[in-house]
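J.: Structure incoming, see below.
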Amino acid sequence: MAGSSKKAIVAAALGNGGIAVTKFAAAIWTGSSAMLSEGIHSLVDVGNQLLLLYGLGRAARPSDSRHPFGYGKELYFWSFLVAILIFALGGGLSLYEGIQAVMSPGEMHDPLVNLIVLGVAIVFEAYSFSVAIGEFNKGRGRKSMIRAIRDTKDPSLVTVLLEDSAAMIGLVVALAGILIGYYLHMPVFDGIAAIVIGCVLLLTAVILAVECKGLLIGEGADPVVLEAIRAKVAADPRIEAVGEILSVHFGPHDLIVLATVDFRDGQSGDDVEGAIHELAASVKAAEPSVRHFYIEALAAPRG
């Protein structure tokens with residue numbers, strides 16, 4: 001899935017880079033506030049995607065003595081930073097530009113240029129969105145989109161997906177604002193479109209921040225994964241009962257699990273030690289996301 005995330009991020013960064021340049025050029029030429037907001041949006045997206053790529057690289061570093069469980073949580077930090085940037089730079093600047101345009105609306109020139117740029121941008125964003133949604137759907141299963149976003153442990157892929165969704169909405173809003181403002185000779189609609197784009201970005205940032213906050217604090221494994229682990233451990237004939245199973249994600253695919261179990265009577269210390277090693281290997285083989293698996297005995301074996 002790390003490769004899937006990187007593929008979606010690279011596709012989005014390449015598309016947004018070219019789109020940002022054309023949007024700014026069109027905004028300068030035509031004086032459109034909505035187009036300027038869209039340019040800011042695309043530029044912020046490029047910066048965000050570069051940060052996510054950097055975060056993926058940092059998170060992939062092997063564990064060491066200072067970080068024995070690895071650096072997987074770095075991805076959560078960089079994703080949270082991206083959410084802040086979307087809020088402050090994308091949403092904040094778009095709102096500011098839109099409010100200024102509403103208070104002091106100016107005439108647009110050559111709106112056809114804006115329409116052409118927005119049309120091309122929609123094509124590129126649609127491609128980027130199709131790549132992101134395709135990669136996201138690979139791990140979604142039968143879950144609804146909202147449930148899958150809430151349950152995912154890969155914030156980089158969710159970030160790209162939400163950014164692309166916000167971009168598509170923003171492009172449609174900008175297109176509508178420019179057309180309405182031009183045909184009704186009311187340039188204030190151009191500023192209103194910029195405000196709406198800013199609000200969309202603020203909402204996107206809040207959703208990402210809430211998602212990343214939970215991951216930074218420490219989210220456990222999917223209940224389905226925990227039930228599968230419980231069933232596998234309980235099926236071992238040397239286990240009398242399985243107690244509490246605790247888990248925490250240190251990365252999208254880096255899970256630490258602790259299971260408390262009660263061993264059957266009549267087993268020696270060597271038998272228990274062998275059972276622990278075998279169960280750990282078995283669980284890791286069945287659930288590749290489990291990087292570390294520990295067993296705590298509820299009571300010392302007798303026999």
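The values are calculated or read from the model by the stated rules, or taken from the named source; none is laboratory data. Note that this is a predicted model, so its numbers are computed, not measured. Glycine also receives a Cβ, built like all others from the backbone with ideal geometry; neighbour counts cover every protein chain displayed.
J.: How many residues does region 231-278 contain that are assigned to a strand (DSSP E or B) and closer than 30 Å to residue 213 by Cβ?
T.: Total satisfying the criteria: 16.
J.: Hey, any hits in region 251-270 for a residue that's crowded, with 17+ Cβ neighbours inside 10 Å, of a type in the set (Gly, Ala, Ser) and under 18 Å from residue 75 (Cβ atoms)?
T.: Checked against the condition, which is being crowded, with 17+ Cβ neighbours inside 10 Å, of a type in the set (Gly, Ala, Ser) and under 18 Å from residue 75 (Cβ atoms), region 251-270 yields at least one hit.
J.: Within region 219-246, can you find the residues that are among the acidic types (Asp, Glu), surrounded by 15 or more Cβ atoms within 10 Å (Cβ to Cβ) and within 15 Å of residue 289 (Cα to Cα)?
T.: Answer for region 219-246, where residues must be among the acidic types (Asp, Glu), surrounded by 15 or more Cβ atoms within 10 Å (Cβ to Cβ) and within 15 Å of residue 289 (Cα to Cα): 219, 222.
J.: Quick check on residue 298: is it surrounded by 18 or more Cβ atoms within 10 Å (Cβ to Cβ), of a type outside the set (Ser, Thr, Tyr) and out of contact with any Cys (no Cβ under 9 Å at 6 or more places or on another chain)?
T.: Criteria not met by residue 298.
J.: Moving on to the next point. Of the conditions (1) surrounded by 15 or more Cβ atoms within 10 Å (Cβ to Cβ); (2) modelled with pLDDT of 90 or more; (3) within 28 Å of residue 76 (Cβ to Cβ), residue 289 fails just one. Which one is it?
T.: Failing condition for residue 289: (2).
J.: May I ask you to list the residues in region 66-84 that are buried (at least 17 other Cβ atoms within 10 Å of the Cβ) and either outside the structural domain of residue 198 (by TED's automatic domain parsing) or under 23 Å from residue 36 (Cβ atoms) (or both)?
T.: Once the filter is applied, which keeps residues that are buried (at least 17 other Cβ atoms within 10 Å of the Cβ) and either outside the structural domain of residue 198 (by TED's automatic domain parsing) or under 23 Å from residue 36 (Cβ atoms) (or both), region 66-84 yields 82, 83.
J.: Residue 158 - would you say it is surrounded by fewer than 21 Cβ atoms within 10 Å (Cβ to Cβ) and within 24 Å of residue 71 (Cα to Cα)?
T.: Answer is no for this residue.
J.: Go through (1) crowded, with 20+ Cβ neighbours inside 10 Å; (2) touching a residue at least 60 places away in the same chain (Cβ under 8 Å) one by one and return the number of the condition residue 31 breaks.
T.: Condition not satisfied by residue 31: (1).
J.: Quick one: which of 13, 26 is within 25 Å of the chain's Cα centre (by Cα) and in a helix (DSSP H, G or I)?
T.: 13
J.: All but one of (1) loosely packed, with under 15 Cβ neighbours inside 10 Å; (2) free of Cβ contacts under 8 Å to residues at least 24 places away in the same chain hold for residue 63; state the number of the condition that does not hold.
T.: Here residue 63 clears every test but (1).
J.: Can you tell me which of 221, 193, 174 is assigned to a loop (DSSP other than H, G, I, E, B), touching a residue at least 24 places away in the same chain (Cβ under 8 Å) and farther than 18 Å from residue 49 by Cα?
T.: 221
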